[in-house]
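*Asks:* After the structure tokens below, expect a handful of questions from me.
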Amino acid sequence: DAKTTQPNSMESNEEEPVHLPCNHSTISGTDYIHWYRQLPSQGPEYVIHGLTSNVNNRMASLAIAEDRKSSTLILHRATLRDAAVYYCIPRAGTAGGTSYGKLTFGQGTILTVHP
Amino acid sequence: ETGVTQSPTHLIKTRGQQVTLRCSSQSGHNTVSWYQQALGQGPQFIFQYYREEENGRGNFPPRFSGLQFPNYSSELNVNALELDDSALYLCASSLPGLANEQFFGPGTRLTVL
């Protein structure tokens, strides 16, 4: 499994943009980059994923470095509801090995949003 | 369309006992994965079931076992409970495909005394 490095914690003010970085220098060429978040007292929820190109959805944007060794999750306008632990997860996109499509969670980044 | 549900919500057991946790997958999802989340840690993959067969396993001993039923609901069984088994147990369902998102339930909080 590819190793990831994320800041332990970050803080933001409400309605400001938030950029959550992730280093995944050992990622393989076929690994997707997934982001999940876990709100307090809830199970994780999917945020976004991408392979090579930048991706946008209703929740966030994902910017992927050209060498794919890092990525940044962008929350365009943070709300109090975005306070959560954010996990960056490289995930196999092809069969084989022992991936089984599992999610390998690291420690994640604790995002605090101030009113 | 209902989401992933888990039962019970909370459970207290004593060391050496056995426990069964249950998970109902989201409609149409035939793949269920189980995770263990210790306090302050990220979830750790236990195993995955696809069409009633174990499809992959993480670094957990054989006393962690599971089942998947024809309706794709699933059970996690843990025998000979140890204190370190105290954790939040999460199940997640998904469609086939290694990159498809997983939909998580709220979890079962297990406390072993």
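Every number here is computed from the coordinates shown, using simple stated rules; none is lab data. Bear in mind that the values here come from a model prediction, so they are computed numbers and not experimental data. Positions of Cβ are generated from backbone atoms using ideal geometry, with glycine treated the same way; all protein chains shown enter the neighbour counts.
*Asks:* Just how large is the dipole of chain A about the Cα centre, in debye to the nearest 20, putting +1 at every Lys and Arg Cβ and -1 at every Asp and Glu Cβ? Mind dumping the intermediate values first?
*Replies:* Values: 9 positive and 10 negative charges, 64 e Å.
Approximately 300 debye in magnitude.
*Asks:* Suppose every Lys and Arg Cβ carries +1 and every Asp and Glu Cβ carries -1, with no other charges. What dipole size does chain B come out with about its Cα centre, to the nearest 20 debye?
*Replies:* 240 debye
*Asks:* What fraction, in whole percent, of alpha-carbon pairs in segment A:1-50 exceed 15 Å separation?
*Replies:* 62 percent
*Asks:* Given the convex hull over the Cα atoms of segment A:2-115, what projected area results after averaging over all orientations, in nm²? Can you show the working numbers first?
*Replies:* Values: hull surface 27.3 nm².
The number I arrive at for segment A:2-115 is 6.8 nm².
*Asks:* Report, as a whole number in µm² per second, the diffusion coefficient that Stokes-Einstein gives for segment B:27-113 at 20 °C and 1.002 mPa s using the Kirkwood radius over alpha carbon pairs.
*Replies:* Numbers: Rh = 13.3 Å.
So the translational diffusion coefficient is about 161 µm²/s.
*Asks:* Oh, and also: P(r) for segment B:14-66: what percent of alpha-carbon pairs falls in each 5 Å bin, starting at zero?
*Replies:* Reading upward from the zero bin: 4, 16, 24, 26, 19, 8, 3, 0.
*Asks:* Could you tell me what % of all Cα pairs in the protein assembly as shown have separations over 31 Å? All intermediate terms of the calculation are to be shown ahead of the outcome.
*Replies:* Numbers: 5602 of 25878 pairs.
So the pairs more than 31 Å apart make up 22 percent of the total in the protein assembly as shown.
*Asks:* Report the one residue of A:N57, A:S12, A:I89 whose Cα lies farthest in the direction of the positive end of the charge dipole of chain A (charges on C-beta: Lys and Arg +1, Asp and Glu -1; origin at the Cα centre).
*Replies:* Most positive-ward Cα: A:I89.
*Asks:* Another question about this same structure. Rounded to the nearest 0.05, what FRET efficiency is calculated for B:Q17 and B:L95 with R0 set to 22 Å and r the Cβ-Cβ distance? All intermediate terms of the calculation are to be shown ahead of the outcome.
*Replies:* Working: r = 35 Å, r/R0 = 1.60.
The value I calculate is 0.05.
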